[in-house]
Structures are given as structure tokens and as C-alpha cells.
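Engineer: Next up is a structure, given as C-alpha cells.
The values are calculated or read from the model by the stated rules, or taken from the named source; none is laboratory data. Since this is a predicted model, take the numbers as computed values, not measurements. Don't worry about glycine lacking a Cβ; one is built from the backbone with ideal geometry, like all the others, and counts go over all protein chains shown.
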Amino acid sequence: MVLTILFLAALWAGVQNALAGGGSFLTLPALILSGMDARAANITSTVALFPGQLVTGVANRSHVSGAGGLSFKTLAVISLVGGAIGALLLLLTPSSFFARLVPWLVLFATTLFAWGSFGPKRKQGPRFGSLSAAGSQFAISIYGGYFGGGMGFMMLAALTAAGLAIRPAQATKNMLAGILNASAVLIFVFSPQVHWPQAGIACAGAMLGGMVGARLVHKVNERLLRVLVVAIGLALTIGLFLRAP
């Protein structure tokens, strides 16, 4: 029964990621429900969702671009290094400490998602130079390797501040997210914290959901999906605070 719930949650997460983002808000509680602590669930979720993220990034590669005076290759290297650092920091974080930290991380990610979805849109203003673009991407990549919730909105904001229009910013964000998660996954696969049976089930569900989501992209109300993500994030935050040691 628990594994069925996990598959369905991952299926929904795949659809959600393809349409609006926020799929980890579904896989994280489902993996915790399957018996993992919060840190193992976060690590397993990263591994399980990675293939779908990579496919999404590759599908839009023709629109990928550099930003802020930096080439895409430079941004990719920064993302690889930052993602690896974030993953190592997560592995070094005691499970008990992460269990106390994760409700705050989910609350932060939910707030960021809500602001990015429904807050006022950024007007044209001062743009990031190469140093600011590199620094922001490095910090976002560390956060992405460590937790990742809301990372897409951080990266999208930074890339548009570095001068990219929304379409190439979206494509570049998707590719960089896949790259930084690749470095995290390469580290996580050697960790005993990955629960492979659950990761396999969640991966299958998320990839199937991603294919479904790609077909629904022009048929589903994205705003309604974003409202749903925020509602799930708030419910998850409350539940995690109630469970926190």
C-alpha cells in the first residue's frame, strides 16, 4: 500500500515538474511515509527525480544560453561544483539535525515558490555582471545540491537579472538544474542513505508523469497547479513541524 502511494505521488510529481515545478513536495512526504528519516528521503528523492529533470533539460537545449557575460559552459561548471558541495554538506549533516532543519527548508521553499508564482514580476532594472551571475549561480547550486526546493525560482530570477529573456532563461534553468543534480546524484549513489527499491519506484512514476505532463502542458491551468503546490507545501510544512523532534 505504501509503495503504491509512493508511485502515485511520484507520478503526480512528474506531471507537476513538467507543468509548474514543485514535484519534490510530493515525493518527500511519500518517502518519509515509507519509513525513511527526512535526510534519507531527501537524498532518495533527488536520485529518483533526476532522470526526469535531465530529460526536460535536454528537450529544450536549443534555447540554452550563457548569461551575465558568462558562457553556458562556465555556468555549467559552476553548477557542477556547487551541486557537489551541497550534496557533500547534506551527507555531513547529522540526520537528527536535518530532521529539525527540514521544516524550515520546506517553509522557505514554499514561500519562494508562492512569491515566484504570484508575487509582483520584476521590472527592468540593473542587471547582474559576470561576478554577480557567477556568485548567485554558485550559491543556488549549493542550495540545490543540499535541498533544492524552490531552486528553480531562484535560478530563474538570477538568470533574468543577468539579462536573459524568459524563454532562454527557462531552458537554461532546466539544463543547469539537471547538471547540478547530476553532480549531487553521482555523490549520493555511493551513500547508504539511498533506498534503491523506493528510488526505483519513484523514478518510474516520475518519468511516466513527466511524459504525461508534456502532453498536458497546453491543456492544464498552470495557475491552479501552482496554487496546489503552495497548498501542499504548507500542509507538508505543518506536518513536518508537528513531527520534528
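Engineer: Any idea how many residues of region 17-66 are among the hydroxyl-bearing types (Ser, Thr, Tyr), within 23 Å of Arg223 (Cβ to Cβ) and at pLDDT below 90?
Structural biologist: Within region 17-66, residues that are among the hydroxyl-bearing types (Ser, Thr, Tyr), within 23 Å of Arg223 (Cβ to Cβ) and at pLDDT below 90 number 2.
Engineer: Hey, can you tell me all the residues within region 129-143 that are at pLDDT 90 or above and either closer than 25 Å to Thr237 by Cα or of a type outside the set (Gly, Ala, Ser) (or both)?
Structural biologist: Result: Gln137, Phe138, Ala139, Ile140, Ser141, Ile142, Tyr143.
Here is a yes/no grid of residues against (1) in contact with a strand residue (DSSP E or B) (Cβ under 6 Å, 6 or more places away or on another chain); (2) polar (S, T, N, Q):
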{"position": "Gln137", "(1), (2)": "no, yes"}
{"position": "Leu156", "(1), (2)": "no, no"}
{"position": "Ala162", "(1), (2)": "yes, no"}
{"position": "Pro168", "(1), (2)": "no, no"}
{"position": "Leu176", "(1), (2)": "no, no"}
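Engineer: Being touching a Lys or Arg at 6+ places or on another chain (Cβ under 7 Å), modelled with pLDDT under 90 and crowded, with 24+ Cβ neighbours inside 10 Å: is that true of Gly148 here?
Structural biologist: It is false that Gly148 is touching a Lys or Arg at 6+ places or on another chain (Cβ under 7 Å), modelled with pLDDT under 90 and crowded, with 24+ Cβ neighbours inside 10 Å.
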